[in-house]
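Notes for the one structure printed next.
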């Protein structure tokens with residue numbers, strides 16, 4: 001019998017690697033992306049392309065409005081995305097309040113409907129921007145909630161939240177993805193992507209991506225403006 005899994009797919013480097021890894025491990029992958037009020041809505045198009053290229057069974061885009069609350073440079077037009085060199089707080093202004101909690105809740109609902117017992121996401125606690133919902137403690141806590149709050153969990157069909165990249169450096173993630181056949185030219189990381197798909201090269205996400213390719217000894221395929 002096939003194993004079904006829901007994959008949170010953003011269109012970025014990490015989630016693409018997670019999708020490729022889940023497919024390699026024999027999962028039938030159902031990908032879930034979000035139009036959540038983010039400025040960089042172009043990432044949804046990248047996610048659609050990745051889902052098709054990497055063999056997802058189905059790809060859905062949930063439309064929600066976390067951005068209605070503001071409070072993040074990724075959703076609030078009144079807050080500029082800073083350059084990486086200007087990020088001085090432990091939790092930067094690009095943190096979107098409760099984003100991964102909301103995303104996982106949606107993934108959990110779809111997983112129950114599908115009869116899937118596995119949810120994958122590409123959070124990372126090594127080379128990341130200090131977001132609290134990228135930590136192992138958060139993943140463990142949400143898995144506990146998932147098994148308390150669902151019919152599947154109560155009836156003994158344990159739900160598992162997988163974060164396979166959580167302890168890997170960005171360079172290690174890239175090497176792993178290349179071994180799995182990921183084309184990183186089809187991914188996007190930039191917080192200030194242009195309409196023509198060029199990355200700024202200076203935001204925190206771009207800098208982490210650049211360092212990752214450098215550490216991996218791989219040519220960065222990203223188009224920078």
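The values are calculated or read from the model by the stated rules, or taken from the named source; none is laboratory data. Treat the numbers as computed from the prediction; the structure is a model and nothing was measured. Cβ atoms come from the backbone with ideal geometry, glycine included; neighbour counts cover every protein chain shown.
Please tell me if residue 47 is closer than 29 Å to residue 185 by Cβ, under 16 Å from the mean Cα position of the chain (by Cα) and surrounded by fewer than 19 Cβ atoms within 10 Å (Cβ to Cβ). Full working, then the answer.
On the way: closer than 29 Å to residue 185 by Cβ: yes; under 16 Å from the mean Cα position of the chain (by Cα): yes; surrounded by fewer than 19 Cβ atoms within 10 Å (Cβ to Cβ): no.
Spelling it out, it is not the case that residue 47 is closer than 29 Å to residue 185 by Cβ, under 16 Å from the mean Cα position of the chain (by Cα) and surrounded by fewer than 19 Cβ atoms within 10 Å (Cβ to Cβ).
If you take the residues in the range 11-44 that are surrounded by fewer than 21 Cβ atoms within 10 Å (Cβ to Cβ) and under 14 Å from residue 162 (Cα atoms), which one is farthest from the chain's Cα centre (by Cα)?
Selected residue: 25.
When you go through (1) closer than 25 Å to residue 28 by Cα; (2) out of contact with any helix residue (DSSP H, G or I) (no Cβ under 6 Å at 6 or more places or on another chain); (3) in a helix (DSSP H, G or I) one by one for residue 174, which number turns out not to apply?
Status for residue 174: all satisfied but (2).
Considering only the range 177-203, state which residues are outside any loop (DSSP other than H, G, I, E, B) and over 17 Å from residue 222 (Cα atoms).
At the first step, the residues of the range 177-203 found to be outside any loop (DSSP other than H, G, I, E, B) are 177-179, 184-186, 199, 203.
The answer is 179, and nothing else.
Looking at 193, 208 in this structure, which one is in contact with a helix residue (DSSP H, G or I) (Cβ under 7 Å, 6 or more places away or on another chain), modelled with pLDDT under 95 and more than 20 Å from residue 76 (Cβ to Cβ)? Step through it out loud before you land on a result.
Values: 193 fails: more than 20 Å from residue 76 (Cβ to Cβ).
After applying the criteria, what remains is 208.
Just to be sure I understand the filter: pairs with C-beta atoms under 6 Å, separated by 6 or more residues or on different chains, first member in the range 98-111 and in contact (Cβ under 8 Å) with a residue 40 or more places away in the chain, second member crowded, with 19+ Cβ neighbours inside 10 Å and not in a helix (DSSP H, G or I). Which pairs pass?
Every condition considered, the pairs that remain are 103/8; 107/6; 107/8; 107/32; 107/119; 110/6; 111/6; 111/119.
Which members of the range 146-158 meet the condition of being within 18 Å of residue 113 (Cβ to Cβ) and either in contact with a strand residue (DSSP E or B) (Cβ under 7 Å, 6 or more places away or on another chain) or in a helix (DSSP H, G or I) (or both)?
Matches in the range 146-158: 146, 147, 149, 151, 152, 153, 154.
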